[in-house]
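The values are calculated or read from the model by the stated rules, or taken from the named source; none is laboratory data. These figures come from a predicted structure and were not determined experimentally. Please note: Cβ atoms are built from the backbone with ideal geometry, for glycine as well, and neighbour counts cover all protein chains shown.
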């Protein structure tokens, strides 16, 4: 009896098959969204791109919005992971802050089309009472990651920030998003190193500021 080289092929479990199907649907969705944009993309085209029926798509995702949010989760997780790694490579807290800021702008250049796609979805989601909390939660996760970096840097430097790391995280994330919009519209007007310069200036100022007097 032939045993195909002595290697028996293991049958995939239901969970493994589902994971493969989900991954292929996300891969297909990424291609269709990139090609068509969020609004022009359809679940039929996404399912066809992935090689599945629309029934298979709806058995794994609630619809086009759910697919997009799943892709966004993957992308945000990768960004946070990459920036966190960059933020641990400098010799000092300020060096690491600069490195993280520079890495963010480098991601903006590399993921130009994806950022534009996110802006398209964001403008749609904030007008939808059901989608708005879901996009807000994901933006909040990004702000929290920045806040943790600020808190870690403040602890290393032995300083008490004049305002909470959470509020600084909001401000720095908003600055990053604002500069991204400006650079997408007019790349030559926003120098690549501007975000890193401002973040370093801000955090450098905190190191020389007097700690607030407790009430």
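Which is in the same structural domain as residue 70 (by TED's automatic domain parsing), more than 21 Å from the chain's Cα centre (by Cα) and modelled with pLDDT of 90 or more, of 133, 162, 129?
Working: 133 fails: more than 21 Å from the chain's Cα centre (by Cα); 162 fails: modelled with pLDDT of 90 or more.
None of the others qualify; the one that does is 129.
Taking residue 175 as the residue in question, decide whether it is modelled with pLDDT under 90, under 19 Å from the mean Cα position of the chain (by Cα) and closer than 23 Å to residue 79 by Cβ. Steps first, answer last, please.
Working: modelled with pLDDT under 90: no; under 19 Å from the mean Cα position of the chain (by Cα): yes; closer than 23 Å to residue 79 by Cβ: yes.
It is false that residue 175 is modelled with pLDDT under 90, under 19 Å from the mean Cα position of the chain (by Cα) and closer than 23 Å to residue 79 by Cβ.
Being in contact (Cβ under 8 Å) with a residue 60 or more places away in the chain, part of a helix (DSSP H, G or I), outside the structural domain of residue 138 (by TED's automatic domain parsing) and surrounded by fewer than 19 Cβ atoms within 10 Å (Cβ to Cβ): is that true of residue 37 here?
Working: in contact (Cβ under 8 Å) with a residue 60 or more places away in the chain: yes; part of a helix (DSSP H, G or I): yes; outside the structural domain of residue 138 (by TED's automatic domain parsing): yes; surrounded by fewer than 19 Cβ atoms within 10 Å (Cβ to Cβ): yes.
Yes, satisfied.
Can you tell me which residues in segment 55-72 are in contact with a helix residue (DSSP H, G or I) (Cβ under 7 Å, 6 or more places away or on another chain) and loosely packed, with under 15 Cβ neighbours inside 10 Å?
63
Of the conditions (1) closer than 19 Å to residue 183 by Cβ; (2) buried (at least 19 other Cβ atoms within 10 Å of the Cβ); (3) at pLDDT 85 or above, residue 101 satisfies every one except a single condition; which number is it?
So the condition that residue 101 fails would be (3).
Please give the number of the condition residue 169 fails out of (1) at pLDDT below 90; (2) in the same structural domain as residue 123 (by TED's automatic domain parsing); (3) surrounded by fewer than 18 Cβ atoms within 10 Å (Cβ to Cβ).
Just one mismatch for residue 169, condition (3).
Tell me, which helices (runs of 4 or more DSSP H) lie completely within segment 90-164 with 3 or more residues that are within 30 Å of residue 206 (Cα to Cα) and free of Cβ contacts under 8 Å to residues at least 40 places away in the same chain? Give the steps one after another, and end with the answer.
Details: elements: 93-110, 112-125, 132-157.
It comes to 93-110, 132-157.
Go through segment 176-187 and report how many residues are over 17 Å from residue 80 (Cβ atoms) and part of a helix (DSSP H, G or I). Quick ask: steps written out before the conclusion?
First, the residues of segment 176-187 that are over 17 Å from residue 80 (Cβ atoms): 178-179, 181-187.
Then drop every residue that is not part of a helix (DSSP H, G or I), which leaves 178-179, 181-185, 187.
Of the residues in that region, 8 qualify.
For the structure I just gave you, tell me whether residue 108 is touching a helix residue (DSSP H, G or I) at 6+ places or on another chain (Cβ under 9 Å) and surrounded by 15 or more Cβ atoms within 10 Å (Cβ to Cβ).
Details: touching a helix residue (DSSP H, G or I) at 6+ places or on another chain (Cβ under 9 Å): yes; surrounded by 15 or more Cβ atoms within 10 Å (Cβ to Cβ): yes.
Yes, satisfied.
Give the residues of segment 1-34 that are at pLDDT 85 or above and not in a helix (DSSP H, G or I), sorted by residue number.
Answer for segment 1-34, where residues must be at pLDDT 85 or above and not in a helix (DSSP H, G or I): just 13.
Can you pull out every residue in segment 188-197 that is part of a helix (DSSP H, G or I) and surrounded by 13 or more Cβ atoms within 10 Å (Cβ to Cβ)? Break it down stepwise before answering.
Residues of segment 188-197 that are part of a helix (DSSP H, G or I), as a first pass: 188-189, 194-197.
Answer for segment 188-197, where residues must be part of a helix (DSSP H, G or I) and surrounded by 13 or more Cβ atoms within 10 Å (Cβ to Cβ): 194, 195, 196, 197.
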